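Here the structure comes first, spelled out in structure tokens, and everything after it is commentary.
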Amino acid sequence: ITSKLPNVGTTIFTVMSAMANEYGAINLSQGFPNFPTSERLNDLVTEHLRVGHNQYAPMMGVRELQEQIAHKIKLMYGVEVDPIQEVTITSGATEGLFTSIAALVHRGEEVIILEPAYDSYRPAIEVVGGVPVIYQLFAPDFKIDWDAVQALITERTRMIVINTPTNPTGAAFSPEDMQALERITADTNILVLSDEVYEHLIYDGLEHQSVLRYPKLRERSLAVYSFGKTFHKTGWRIGYCVAPPELTAEFRKVHQFNTFSINTPIQYALADFLKDPREYLELPDFFQKKRDFFLQQLEGSRLKPLTCSGTYFHLFDYSEISDMPEREFAAWMTREIGVAAIPVSAFYSNGHNNGVIRLCFAKTESTLKAATERLQSM
Ligand code: PMP
Ligand code: GLN
């Protein structure tokens, strides 16, 4: 067969988690928490299973959940969204991203992505016949020159994908970044696909810059979120997409024939759970403590931390230890040191090497302690 995606292999997260299992390494590669997650939320799901919420949910989502999401957005970002016309429940952010691209990018249209980029964007663009246009950012600060991004815009540009806080860099967009994005998209038909799965994982008093806060961006944006990330249940595969009614209508044309609708009892359970905003308002503090503990345990190590303002990933420069390329170094570390990491080169289409690895700190203190003891031995 002629592959539609000849350059795509198995996602790095699957590869590194498998390697971690094979060698019995502590897995700080794929991003998922290993601490106990909310029992109250589990109980709510059970409750809704028992009361009989077990048939197809509405295609766009359970009304109670759409409403609670609109409420949360109002509380977080001070904006009104119409729960019925603007919020669609998805099978994780992964479906939200894919459906946005499939529904809105025509064959031959260009989509600008900023690398290092989450690995699902490019294949989604390619499989629908879109053309990825890549702008690369580099360690240590991954700074975006928006004039350079603007220079990539042509009459075929359909969409720009952004991700803040950013996986894998841990960067967080500033208000100036958002204003620049507003400026370069003004008077164009360009859509913004805003991956905000780490909206609650932002530190040092910074505020998450959602496209929803910026009226001129909001009208051209699809913003994608993940309950898996927010409530530590990555296996539940549920998230949502917020977009103006016209864009949502197109989004749902694809969503309805992709998943049709999402797990019913979990939607009801999340609607109840969201009524207590502390469940998400306390997250920055919770994860900042983990980040700081992790860094403190690594003090004096030959892994040099870059800056992490958000997400639950931290980048480290390993040039004092080795000049191996990142993939080789990550494999060696998994095998010989017993800690699995993600090579950041996997987030670049040309495999660019900064000599940095990504480690996930969404782990219990004892896991972080055991991992850092091993990392200190390098
Ligand atoms: N975007 C980014 C930047 C991610 O790191 C992830 C992984 N959680 C996703 C999207 C996908 O999220 P989900 O697990 O909800 O599909
Ligand atoms: N988003 C997670 C990460 O960056 C992994 C998601 C996945 O494995 N698909 O590690």
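Restricting attention to the range 116-162, the residues that are within 29 Å of N258 (Cβ to Cβ) and in a helix (DSSP H, G or I) add up to 7. Scanning the range 254-280 for residues that are surrounded by fewer than 13 Cβ atoms within 10 Å (Cβ to Cβ) and in contact (Cβ under 8 Å) with a residue 24 or more places away in the chain yields F260, K275, P277. For the range 12-26, the condition of being among the charged types (D, E, K, R) and not assigned by TED's automatic domain parsing to the domain that holds K233 holds for at least one residue.
Among the candidates V111, V131, V127, the residue that is assigned by TED's automatic domain parsing to the domain that holds Q256, within 16 Å of ligand 1 (Cβ to nearest atom) and aliphatic (A, V, I, L, M) is uniquely V111.
Can you confirm whether V81 is assigned by TED's automatic domain parsing to the domain that holds H255 and within 16 Å of ligand 1 (Cβ to nearest atom)? No: the conditions fail for V81.
The set of residues from the range 295-310 being in contact with a helix residue (DSSP H, G or I) (Cβ under 9 Å, 6 or more places away or on another chain), in contact (Cβ under 8 Å) with a residue 24 or more places away in the chain and either of a type in the set (S, T, N, Q) or away from ligand 2 (no atom under 16 Å from the Cβ) (or both) comprises Q297, L298, G300, S301, R302, L303.
Yes or no, residue by residue, for (1) under 24 Å from L181 (Cβ atoms); (2) part of a strand (DSSP E or B); (3) more than 14 Å from ligand 1 (Cβ to nearest atom):
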residue: L222; (1), (2), (3): yes, yes, no
residue: K229; (1), (2), (3): yes, no, no
residue: E246; (1), (2), (3): yes, no, yes
residue: V254; (1), (2), (3): no, no, yes
residue: F260; (1), (2), (3): no, no, yes
residue: F286; (1), (2), (3): no, no, yes
residue: F294; (1), (2), (3): no, no, yes
residue: R302; (1), (2), (3): no, no, yes
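Give just the number: which of (1) within 29 Å of P305 (Cβ to Cβ); (2) modelled with pLDDT of 95 or more; (3) within 16 Å of ligand 2 (Cβ to nearest atom); (4) surrounded by fewer than 23 Cβ atoms within 10 Å (Cβ to Cβ) does S226 not satisfy? If we test S226 against (1) within 29 Å of P305 (Cβ to Cβ); (2) modelled with pLDDT of 95 or more; (3) within 16 Å of ligand 2 (Cβ to nearest atom); (4) surrounded by fewer than 23 Cβ atoms within 10 Å (Cβ to Cβ), just (4) comes out false.
The values are calculated or read from the model by the stated rules, or taken from the named source; none is laboratory data. Keep in mind that this is a model prediction, so the values were computed, not measured. Glycine also receives a Cβ, built like all others from the backbone with ideal geometry; neighbour counts cover every protein chain displayed.
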